[in-house]
Each structure stands twice: as structure tokens, then as C-alpha cells.
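Here is the structure we will look at, set down as C-alpha cells.
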Amino acid sequence: MAVNTWNTYTWKPALAEAGIIPPRPKDAKPWQWEAAPKDGFHVLRHTYASVMLEAGESVVTLARRLGHSSPAITLGYYAHFMPEAGSKGRTAIDGLLGRQEDQGASRNSPDSSQG
């Protein structure tokens, strides 16, 4: 089903029934509803994407599920929902090097005073 069809004949009537948007005027065409950008169907899509990323879902998988042509598009919209981005890689490298997080900077680190 096309999203516009679903939005017009299912989502908007449900919002109106719940009192979130006003009912469609009697003389309005079937597709003429009050605008509801903050309550629109697209909000569900953004909610789904942000929850998936915060749960650790791969950007590649999410891009496929959302129908994006590239994971770069997904990252452009949702990177701010990935606060832990990079931590898995740092943890893996630290483990490989046998370092603990609380040991501080190593001699070869840019943060080292021994530079």
C-alpha cells in the first residue's frame, strides 16, 4: 500500500478520531485533512529508526529496512542517535593491545607527555 493512501484513509482518520487533529470538514475531498507534521506517519518511521540505532542495530541493516539507497543517507539523518558510535572499535583495539580503559594514555598516544 502506498504511504499516501495509508496516511489519507487510515492514519489521518485515526488521528482525528483520537482528537489529535480536527475532523475533516464535510465538504472536503477524501484526501484533504488538517496538516499534522508532528503527529504524521513519518514520525513513526523516525521513532523506529532511532530506537533501532540506540539498540545497536547496524546502519546497513537499517538503511535496507527504511529503503534508503545508501547507509550514508541513513547516517545523515540518524547519526545523532548513535552516542556509542566508535566505542565498540576502541574496545576491540584496546583488548587486542591488552590495554585497560583506566590505564590512561600510552607512550605512543597523542595524549602522552612523552610524545
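Values quoted throughout were computed directly from the atomic coordinates according to the rules given, and no laboratory measurement underlies them. Since the structure is predicted, the reported quantities are computational estimates derived from the model, not experimental observations. Methodologically, a virtual Cβ is constructed for each residue, glycine included, from the backbone with ideal geometry; neighbour enumeration extends over all protein chains shown.
When restricted to Cα atoms, region 1-69 yields an Rg and a Dmax of 15.0, 48 Å, respectively. Taking label points 7 Å from Cα along the Cα-to-Cβ direction, residue 31 and residue 2 give a separation of 0.7 nm.
A simple rule links phi to the HN-Hα coupling: the Karplus curve 6.51 cos²θ - 1.76 cosθ + 1.60 with θ = phi - 60°, which for region 52-59 gives 4, 5, 5, 7, x, 5, 5, 5 Hz, with x for Gly and Pro. Taking 0.36 nm per residue of separation and subtracting the Cα-Cα distance, full extension of the segment from residue 42 to residue 80 would add 11.9 nm. Phi angles across region 16-24 convert, under the Karplus curve 6.51 cos²θ - 1.76 cosθ + 1.60 with θ = phi - 60°, into 3J(HN,Hα) values of 5, 4, 7, x, 7, 10, x, x, 5 Hz, Gly and Pro given as x.
Each of residue 91 and residue 50 was given a label point 7 Å from its Cα along the Cα-to-Cβ line. The distance between the two points is 2.4 nm.
Kindly rank 44-57, 17-30 from highest to lowest mean number of other beta carbons found within 10 Å of each residue.
Values: 44-57: 13.8, 17-30: 10.8.
Taking the mean over residues of other Cβ atoms within 10 Å, the ranking is 44-57, 17-30.
Sorted into 10 angstrom bins from 0, the C-alpha pair distances of region 37-83 split as 28, 58, 14 percent.
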